[in-house]
Structures are given as structure tokens and as C-alpha cells.
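Computed from the coordinates by the stated procedures, all read-outs in this text should not be read as laboratory data. Keep in mind that this is a model prediction, so the values were computed, not measured. FYI the Cβ positions are ideal-geometry reconstructions off the backbone, even for glycines, and counts take in every protein chain you see.
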Amino acid sequence: MSHTVLNCGYVPLVDCAPLVIAKELGFAAEEALTLNLVRQPSWSALRDMLALGHLDAAQMLSPMPVAMSIGLGGLPAQVDTLMVLSVNGTVFGVSHAVAVDIGPVPFGDAHALLRALRTKRDRPLRVGVPFHYAMHRLLLSYWTSSTPDLRIEEVTVPPPRMADAVADGFVDAFWVGEPWGSLAVQQNVAQLMMTGRNVWQFAPEKVLAARHDWVESNEDAVRRLMRAIFQASAWLDKPKNKPLAVEILGRSEHLSVSPDLIDPALTGHIVPRQNAPPIAIRHFLQFHKNAATFPWRSQAAWIADQLGADDAGIEKAKACFRSDLYRRNLSGIGADLPGASEKAEGSLQFETAVASTRGHMILAADAFFDGSTFDYTREE
């Protein structure tokens, strides 16, 4: 097998871990790959680097390939989601001034937080999000859509700058991936109010993406890359491996932050405000369990629907979530594959066993906070 060098872009967040672990622990090398991880300052920079061919593959926010493939955003391009890199892992926080204004709200109560913000705010709430085509932004919009009298002003802020944006009064609140919410708490400029899974319990957060033409022209490299990332994701979800993962991610060439900022996301123990005890959050961030890496086409359809796509756009979105490649490339290494590539999103209130190739698949609860479901099915 020939040795292949791949340039993979990423933004320094805890959920870039599958790429980092695949490189550092040899899962990529076992597939005769050298992963050249190229750190990007923002999601727009990463998008442009991938679209222009300077990157072979990239960690992306899950709505980015959908938006690009249906012609939204600065540089439209046909981009494929090869697999999901992470599920959940985001936090919503507010400045101390907003926290005082709205009063005590139970952590994680999305309904109570909405009520408090609606009744106590007499001006728009400026909310920092990392990118317009981000799951953070879609969850924010979905969460607040039932409360039209709560005025939201979205402000794009790169994740590493979010704590500074709160401290400078540039934003009143934020929705961001870890470790940047915990950094805002550590710097005592904000407190966390809930996590992304309090709005959607199983939201695809980051994905492994590549240009469609590159995928079609590099079938062997794509297969080896997906296998390496799949093995790294499985390693990450084992509790015994968390300490080493924290140490590796904290290195200067990756996230370059202290281990105490990385540990909360990987262990699911989130500190909501300075000097408060950590809150244990089940499924705060998942990389592998419960079919976390599978690119469900129904998730792509939900994303496209939230972006305002018509039926044709939704079909394009579904096509860019490559469940076909996932089945083709990972079946040979023992991956348990679901019997279907679409499901009714939001319909699972509890962990549920589903049909799969090996008969061992249990899907996690995926309910939306408002109890709704999304079922967009078409004949394939």
C-alpha cells in the first residue's frame, strides 16, 4: 500500500479530537496515511481553503457541507460529508449582567431559560455564534422560534475569541463548542446556562468533509481516511482513554490550552460558573457510541429544512451525507451499520435498539426540547 499525505483542516476545539488522535496514536499510519493537520483561525477561512483545493479534507460544522452543496454561503461547492466527527458538545452561556437580569434559572432547562429571557429583556439579546452555517446557530434559531417577542441579534465570533467578546461587551450571550465556554467561566466573564443537547439531544455537531470531486477521484485515500477516523473515534469514547486524550489535545500544536479546560468536555463534567461544582451531563460529547459517526441523511434533511431549502435543496443535502460511502468503506472493519440511512429525527425518547448488520446497535435518545419530530422521507 502506497503512503499518502493528506492535508486536513481543523479549528481548535475539543471535538477535533478524532483527527488529532488518528494522527498521534497511529491509526492513520496503520492505513498508510500521514495526516498533516492544518489549523485554521475561523470557519470561513477553513471553508475557503477546502473549496479552493488547499485542503484535501476538513473538520466542518455539520451544516457547512449542506449549505455549500445547495449554493449558500460565500463559496458554493459540492462538498460531501463522509462521516460525523462528533455529536453534541456545545454550551450556551450569558454574561454576568444578563444572569443578574434574568435571575436564577435551573441549568439545562431550555423552557425556563426562554421564559426568563423573554420576560426580562427589553432590548435585543446579542448572541455570539461561531459561524452562520453552524449547528449552534440552527439550534439557537430553532429554540427561540416559538418566542417571537424575544429579539435575538446574531453576531459571528471565532470560537477562541468568544470569552473576549463577552468581556468586552460585544455580545450578551454565546453558543460555542468547548473548551471556549469553559474558558469564559474560568476567566469569570460568563456563566453557562445549558448545553446544546438540552435543545436537541443528539445533534450532529462536526463532520469530516471533502470536496465531491476529490472524493470521487481518491476512493482509496477516502477509504483509508474514514477507517482511521472511525478507529480513533472508537478509542476516544472509552473512559480509560480520556486522560491521555486530554494530554494530547492540550499540546501546543493542537489546542494549546490547559488540560483543565479540555477535561470537562471529554468527561461530561461541566462547571456552569466560577467556584460552582461541576454538573455531570450524560452524552455531553460523543464520538462513536450510539452510531455517532454515521451520516444520517435525515439529519442532512433537517439541516437543509432549517436553512430554508425547498424539496430539491433537501434532496441535494441528503445526497451530500454519504451514508453509501460509510457502508462501503467501513463494513470491512467490523462497523455495525444501521439497516436504514434515514429516521424520524426527534422520535426517540429513550435509548432504542434498531436493526443493524451486527445486531448490536442502540441509538441514543434524540428528542427535541419541544417534543416535535422531523420525518422527511423519500424513495431513494
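Bridge orientation summary for the chain: considering DSSP beta bridges with both residues in this region, about 65 percent are antiparallel.
Using just the helices of the chain, give the 222 nm mean residue ellipticity in deg cm²/dmol: DSSP H runs with n ≥ 4 each add -39,500 (n - 2.57), and the total is spread over all residues, rounded to 500.
Numbers: 16 runs with 138 residues, N = 380.
Theoretical 222 nm ellipticity from helices: -10000 deg cm²/dmol.
Which of rounded, prolate, oblate describes region 1-77, given a ≥ b ≥ c as roots of the alpha-carbon gyration tensor eigenvalues and a/c under 1.5 marking rounded, otherwise prolate only if a/b is larger than b/c? Write down the numbers at each step before the final one.
Details: a/c = 2.39, a/b = 1.75, b/c = 1.36.
Taking the square roots of the gyration eigenvalues as a ≥ b ≥ c, region 1-77 is prolate.
This ranking places 273, 297 by how few other beta-carbon atoms lie within 10 Å of each, fewest first, which gives 273, 297.
The alpha-carbon of residue 206 sits under 15 angstrom from the alpha-carbons of these aspartates and glutamates, leaving out residues fewer than 8 places away in its chain: 15, 80, 178.
Rg/Rh, computed from the Cα trace of region 179-267 with Rh as the Kirkwood radius, has the value 1.05.
Overall, the anisotropy analysis places region 212-361 in the prolate class: the square-rooted eigenvalues a ≥ b ≥ c of its C-alpha gyration tensor yield a/c not less than 1.5, with a/b exceeding b/c. Overall shape: rounded for region 90-202, with the ratio a/c of the largest to smallest alpha carbon gyration tensor axis below 1.5. A Förster radius of 25 Å combined with the Cβ-Cβ distance from residue 167 to residue 120 puts the calculated FRET efficiency at roughly 0.70.
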